[in-house]
Structure formats: structure tokens, C-alpha cells
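Heads up: the structure comes next, in C-alpha cells.
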Amino acid sequence: MYKYIYIIPETIGRSVLRMCASIGRIAIFFYDFFMCLITPPIYIKSLLSQLVRIGYNSLPVIGLTAFFTGGVLALQIYVGGSRFNAENIVASIVALGITRELGPVIAGLMLAGRVSASISAEIATMRVTEQIDALITLSTNPMKYLIVPRVLAAVISLPILVIIADIIGIMGGFVVGTKSLGFIEQSYIKNTLDIIEFRDVISGLIKAAVFGFIVAFMGCYHGYNSTGGAQGVGRSTTLAVVSASILILASNYILTSLVFTN
Amino acid sequence: MDHVLKINELSKSFGDKSVLNGLSIDIERNTSQVIIGGSGTGKSVLLKCILGLIEADSGEIYFNQQILDKKNRAEIDFYSKIGMLFQGAALFDSLNVQENITFGIKKLESNLGNLSDIAVDKLKKVGLDSSVLHLYPSELSGGMQKRVALARAIARNPELLFFDEPTTGLDPIMADVINNLINEVIDEVGATAITITHDMDSAKKIADKISMLYKGAVIWSGDAKDIHSSNNPYVDQFIEGSSEGPIKINLND
Ligand SMILES: Nc1ncnc2c1ncn2[C@@H]1O[C@H](COP(=O)(O)OP(=O)(O)O)[C@@H](O)[C@H]1O
Ligand SMILES: [Mg+2]
């Protein structure tokens with residue numbers, strides 16, 4: 001009976017220790033990554049192909065989700081706004097909501113699903129099939145050859161994707177607003193342009209760069225440290241998507257509250 | 001005696017499981033050294049320690065009389081002097097055969113000639129022709145992948161070659177083809193070869209010298225021709241492939 005008293009503190013203690021250990025490992029991985037980032041060579045060819053894979057190939061997914069998000073936002077604001085006769089704020093709220101929050105967050109989360117998963121599965125497979133060891137025996141630093149191009153490509157791609165998502169998202173709101181809610185096209189456009197300020201867009205783009213880093217870095221970290229064969233590949237993929245998504249939402253809150261509220 | 005590689009009292013544990021226990025072995029230049037031993041006796045771990053893919057807990061490794069450690073491997077350009085054939089070939093799936101074979105060459109900035117000529121030349125050495133140059137690893141059979149991996153291992157004319165279970169997972173005929181290729185390649189490149197295997201037929205075919213590993217240490221070393229007269233009960237049991245003898249299989253291992 002007596003020994004059961006210890007179970008709760010023991011469980012808590014163990015998870016805290018495990019969390020500290022993973023934070024430590026991620027920090028070491030980041031240090032290695034950073035040292036590789038600032039020393040030559042940079043593999044330009046890999047960087048370009050990752051830009052295509054992470055950025056260009058994500059366009060359809062990001063475009064579609066942004067369009068529907070903008071559309072549904074317009075509908076909801078209209079319904080909510082009409083309760084206190086404020087239907088006219090639809091254009092403004094769609095514009096601000098998309099550029100400041102939903103554009104970067106939706107694009108980040110879609111990339112966490114699409115890109116974190118595929119990076120992590122790819123690198124984990126390379127780990128279990130000894131391709132990463134083979135890189136080392138061929139005088140190539142795997143951190144430089146695999147990790148740096150992927151992380152750089154995501155940090156560059158996501159802000160560009162978010163600009164496109166902003167435009168398409170606002171367009172989604174515009175289509176719903178003018179075709180189904182009866183707004184006049186010219187005034188909808190004018191309301192949108194009047195409300196958006198440069199810093200709204202910029203804050204969204206800075207968030208996007210941070211989310212891009214999180215997405216690729218988590219995919220690389222979990223893939224690179226994968227163990228345990230095919231099952232391990234699956235496990236690291238899940239971990240990559242889950243940790244990237246949580247970190248995106250958490251860092252979004254932190255960035256918004258610390259930097260972008262005033 | 002001229003030793004390419006000297007390994008002195010190497011030990012490595014994973015957690016409380018000790019894999020290498022003060023292993024020592026010297027590898028003579030221009031010989032084909034085979035290291036045999038049962039599964040899980042630490043053969044791959046030994047190779048990975050030499051290659052710097054795993055860090056040993058204690059002990060030293062000397063390559064051409066220079067100590068090999070984390071820092072030093074880059075300084076003496078260790079990796080451009082060796083070639084490694086991995087057990088599962090470990091070809092890069094995103095690159096075609098030519099890019100795989102010449103992967104390490106770009107970094108040498110060598111003027112050995114045009115990359116595709118080098119690739120064709122190395123392919124010829126492993127019995128393949130230029131028709132596979134632009135195929136991807138997933139389009140090749142297991143035996144062909146092994147051959148391409150062998151071509152990649154010899155691409156930089158290394159002085160030291162490592163083979164991890166080169167015949168495992170191949171049918172007996174393809175295994176023999178690979179054994180012959182290894183012999184030809186060793187002769188032609190003039191390299192020292194270290195092969196780890198549990199395939200006795202392969203060992204007899206390619207070895208000048210054989211060492212046997214048991215519980216993380218070398219328990220017998222000698223010329224390949226003496227393997228049948230070793231008078232060592234462990235070696236005898238291993239080459240007979242018998243479950244009766246001093247080697248006890250721990251099924252929980
Ligand atoms: N990275 C590792 N982490 C933990 N244990 C390992 C690791 N690599 C190898 N081992 C253990 O070391 C032992 C020897 O493995 P290995 O050298 O691969 O055997 P083999 O002689 O068949 O090549 C095995 O029991 C294996 O479980
Ligand atoms: Mg092995």
C-alpha cells in the first residue's frame with residue numbers, strides 16, 4: 001500500500017526528466033544545424049529541388065484551403081455581424097483575419113501535415129537503410145547535405161506561400177461576399193484595401209518564416225534520430241507532424257502576444 | 001610488418017549491454033581479412049567504430065600509424081581513402097546509378113575525367129554496362145544494387161575497402177558472383193579489404209586471413225587455409241554450423 005504513494009510523483013518526475021532530455025537533444029541538434037548553416041559548402045542544387053518540393057508543390061493545397069477559409073470566414077462574420085447590424089465589417093475582418101492569423105496558421109498547419117511528414121519519413125528511411133552512414137563514408141556531412149537545404153527551403157517558401165494564401169483567402173471572402181451575401185464589388189474591394197496595413201501583412205510573413213522553420217526542423221529532427229526499422233519510420237513521422245503542429249500554434253500565440261499586439 | 005589498420009583494446013557498450021570487449025586486431029596491407037562470427041556478436045558495430053559512425057567507449061584505432069578519432073578523420077582525409085559496401089547496399093534512392101557511383105568524386109575535385117566515363121568504367125569492373133547508368137536504385141534487382149554499391153565503393157580508388165555481409169540476402173549464384181567480383185576488385189585496385197560475414201563459403205573464397213569474433217573479442221586469428229586445423233572448438237563449431245559445442249546461443253539476445 002505504502003509504495004503506491006510514490007507512483008504519482010514518480011510518473012511526473014520521469015516525464016519532466018524525459019522532456020528536459022528531449023529539449024537538450026533538440027538544442028544540440030540545432031547547434032549542429034546552425035554551425036553547418038554558416039559554414040560552406042551550401043548545396044545549391046538540393047536547395048533548389050527542395051524549394052520546388054516544399055514550396056511549389058504545396059501551392060494547390062495551400063490555395064484551396066485558403067480559398068475555403070476566406071469564404072467561410074465571410075459567412076460567419078456576416079451571420080455574427082448581422083446580430084448587431086454590423087454586416088459591413090465582413091470585408092475588413094476577412095482581410096485582417098486572413099493576413100494576420102489564418103493565412104500563416106493554416107499554411108503552417110497544412111505544411112506540417114504535408115512537408116514535416118514527408119521530410120521525416122524520407123530522412124528516417126535514409127537512416128534505417130544506412131544511406132546517412134553512406135553519406136558520411138563518401139565525405140559528405142549529412143547535416144549539410146540533407147538538413148540545411150530542407151530547412152532553408154521551408155523558411156524561404158512559407159512566406160511566399162502565405163502571400164499567395166492571403167490573396168486567395170481574401171478572394172474567397174470576396175467571392176462569397178459578393179456572390180452570395182450581396183455586397184457590392186467595388187465597395188468590398190475598397191473596404192479591404194482601406195483596412196490592411198503594411199505591418200499586418202509583414203507580421204503574418206514573419207510568423208510564416210518561423211512556422212516554416214518549425215515544420216522543416218521538426219521533420220528533420222525526428223527523421224534523423226529515427227530508430228527501430230519500419231515501425232520507427234512511422235513513429236518519427238507521427239512525432240514530426242504532432243510536434244510541428246503544437247509548436248506552430250504555441251509559437252503563434254507567443255509571437256502575437258509579445259510582438260504583434262501593439 | 002606493415003599494418004594499414006591497428007585496433008587496440010576497443011570496447012563499446014549500449015546501455016548495460018557490452019558489445020565489444022577489448023577487441024584487438026591488426027590488418028596487414030594488401031591482404032583480404034575476413035572477420036567471421038555469429039549474428040549479434042558485434043561485427044557491424046566494429047566496422048561502424050572504425051568508420052566513425054559510432055564512437056567507441058575506449059580503445060584506439062590507428063590508420064597508417066595515425067590515430068583515428070572524431071577530429072582526426074577529417075584532417076587526414078580518411079574517408080577519401082576508404083570505400084564501404086553496406087549490407088543493404090545503401091544506394092541513394094533519389095539519385096540515379098551514375099550519380100550514386102560518382103557521388104564521392106565531385107568532392108575530390110579530381111581531374112580523373114568526365115563523371116559518366118568514370119561511372120561506366122566502374123560499372124564495367126562490377127560486370128554491368130552503361131545501360132543502367134540512368135536507372136534509379138528502385139529499378140534494380142538486389143544483386144544489381146549490390147554491384148552498383150560495389151562500384152560506388154571503389155569509385156575513388158580507395159586503399160582500404162570494407163564489406164559488411166556482402167553475400168547476405170543473395171541467392172547462392174549471385175553470392176558467388178559477388179565473391180568473385182570482390183576478389184577481382186581487390187586485385188585490381190590493389191586495396192586492403194576487411195570483410196565481415198557469417199557466410200563461411202564466402203569467407204573461404206575471399207579471405208587471405210580469417211579472424212573469429214565471439215562475445216566482442218577475437219578468439220582466433222590465422223591464415224584462411226588453416227581454418228580447418230585451428231584446433232579451436234569455437235571455430236570448429238562455427239564452420240560446421242552445429243548447435244552443439246562451446247558457443248551457446250542465447251535466444252533472448
Ligand atoms: N545503435 C545501437 N544501439 C543499441 N544496440 C545496438 C546498436 N547497434 C548494435 N547494437 C547491438 O549490438 C549487438 C551487435 O550488433 P551487430 O554488430 O549489428 O551484430 P552483427 O555481428 O550481427 O553485425 C546486437 O545485440 C545489437 O542489438
Ligand atoms: Mg551486421
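Laid out as a table, the results:
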| quantity | calculated |
| --- | --- |
| Share of Cα-Cα pairs in the stretch A:45-259 lying beyond 23 Å, as whole percent | 50 |
| Euclidean distance between Cα centres, the stretch B:186-253 to the stretch A:206-262, Å | 48 |
| Per-residue average of Cβ from other chains inside 10 Å of B:83-96 | 4 |
| Over chain B, relative contact order from alpha-carbon pairs under 8 Å, at least 6 apart, % | 26 |
| Anisotropy class of the stretch B:67-223 from Cα gyration tensor, a/c 1.5 cut | oblate |
| Computed FRET value (nearest 0.05) for B:SER24 with B:GLU188, which takes r as the C-beta separation and R₀ as 25 Å | 0.25 |
| Residue order, fewest to most beta carbons within 10 Å, for A:ARG127, B:ARG147 | A:ARG127, B:ARG147 |
| Highest average packing first - A:162-171, B:231-240, A:39-48, B:25-34, Cβ atoms within 10 Å | A:162-171, B:25-34, B:231-240, A:39-48 |
| Per-residue Cβ neighbour rank within 10 angstrom, fewest leading, A:MET35, A:MET218 | A:MET35, A:MET218 |
| C-alpha long axis of helix B:115-125 to longest principal axis of chain B, angle in ° | 50 |
| Expected 222 nm ellipticity per residue - DSSP helices of 4 or more, -39500 (n - 2.57), all of chain B, to 500 | -9000 deg cm²/dmol |
| Rel. contact order, % - alpha carbon contacts under 8 angstrom, at least six apart, the stretch A:187-262 | 30 |
| The stretch A:45-259 - percent relative contact order, Cα under 8 Å, separation 6 or more | 36 |
| For B:GLY83, distant residues with modelled amide H under 5 Å away | B:LEU160, B:LEU161, B:PHE162 |
| 10 Å Cβ neighbours from other chains, averaged over peptide A:136-147 | 5 |
| Intensity falloff of the protein assembly as shown expressed as log10 I(q)/I(0), Debye formula with alpha-carbon point scatterers, at q = 0.06, 0.07, 0.08 Å⁻¹ | -0.41, -0.53, -0.65 |
| Gap separating the Cα centres of the stretch A:74-150 and the stretch B:116-158, nearest whole Å | 39 |
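Computed from the coordinates by the stated procedures, all read-outs in this text should not be read as laboratory data. Computed from a predicted structure; not experimentally measured. Here Cβ is always computed from backbone atoms with ideal geometry, including for glycine, and neighbour counts include all displayed protein chains.
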